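The values are calculated or read from the model by the stated rules, or taken from the named source; none is laboratory data. Quick caveat: nothing in here was measured; it's all calculated off a predicted structure. Here the Cβ positions follow ideal geometry from the backbone for every residue, glycine too, while neighbour counts run over all protein chains shown.
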Amino acid sequence: MTDKPFATGALQPGKTALSSFACLAFLCALCLSMLTPALAKEAAPLADDPLTERRMLAITTELRCLVCQNQSIADSNADLANDFRREIRHLIEEGRSDNEIMEFMVARYGDFVRYRPPVKGTTILLWAGPGVLLLIGLTVLVRYLRRRNEAISDAALTPEEQKAAEKLLAATRRNDSTQ
């Protein structure tokens, strides 16, 4: 036996109680983390009037979040989107129409804030740009393919090249027949 009463690997006093407490605390935390989603509730609308909330939702689905840019204001959780929703609720409560609210937002932030900007001189690039880029891409592709086909020609082999090719084919046939 050893002189040391608590050799490596042996149980030390108080060690089991501490590890049992840590294990119990971990299990409690795990159980609580599983319960919190079950206790979650759907967010209550901020407007007292459901009609106001529906109008605000309809308007904000047509407006782009300037922070996220690929989400509507209705879908975004950005602080700016929350401010926009609050402002739109306030404008609805003031009695403004949907068109007036859209005009207000466009006057403040430009046509980019709309998911479907109107076709006019300043937005023509937004509407025609994808088609123009597609036509340019197709033109470049067709020209490249035509030039490549012209560069590839079926020229006849010279007598020396013909002899070398026949020699290679004969060697290949011999190797195939021996196998």
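Filter segment 101-145 down to the residues that are of a type in the set (Asp, Glu) and either exposed (fewer than 13 other Cβ atoms within 10 Å of the Cβ) or in a loop (DSSP other than H, G, I, E, B) (or both) and list them by number. The answer is GLU103, and nothing else.
Go through (1) under 25 Å from the mean Cα position of the chain (by Cα); (2) closer than 27 Å to ASP48 by Cα and name the single condition ARG86 misses. Only one criterion is unmet by ARG86, namely (1). Here ARG55 qualifies as modelled with pLDDT of 90 or more, surrounded by 15 or more Cβ atoms within 10 Å (Cβ to Cβ), not assigned by TED's automatic domain parsing to the domain that holds LEU126 and not in a loop (DSSP other than H, G, I, E, B).
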